[in-house]
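Chemist: The structure under discussion is supplied below as structure tokens; questions concerning it will follow.
Derivation of every value follows stated rules applied to the coordinates shown; laboratory data play no part. Quick caveat, the model's predicted, so the values are computed rather than measured.
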């Protein structure tokens, strides 16, 4: 994802607001619990997966966390999840 494609930071309310490659933060009671790049989105279940900087995948559910688009810049040397659009949205048949 290049700088022109970085979407501005703001609070997100549902998985339809997220795309693979977005950088997000998940907070609970104002405390940051997870941050990373969106890898996969399941809009029908209102959840998504992020990949943290350490490579760990984490499922994020909107009912449990306040989700915000991140202010940080993406790592220029790391390939973005947005480069592989085949995993951006899972079909409801996989749910």
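Chemist: Full-extension gain between residue 53 and residue 27, please, as 0.36 nm times their residue separation minus the C-alpha to C-alpha distance. Provide the component values of the computation, followed by the final result.
Modeler: Numbers: separation 26, 0.36 × 26 = 9.36 nm, distance 1.65 nm.
That works out to 7.7 nm of additional length.
Chemist: Over the Cα atoms of region 3-71, what is the Rg over Rh ratio if Rh follows Kirkwood?
Modeler: Working: Rg = 10.9 Å, Rh = 11.8 Å.
So for region 3-71, dividing Rg by the Kirkwood Rh gives 0.92.
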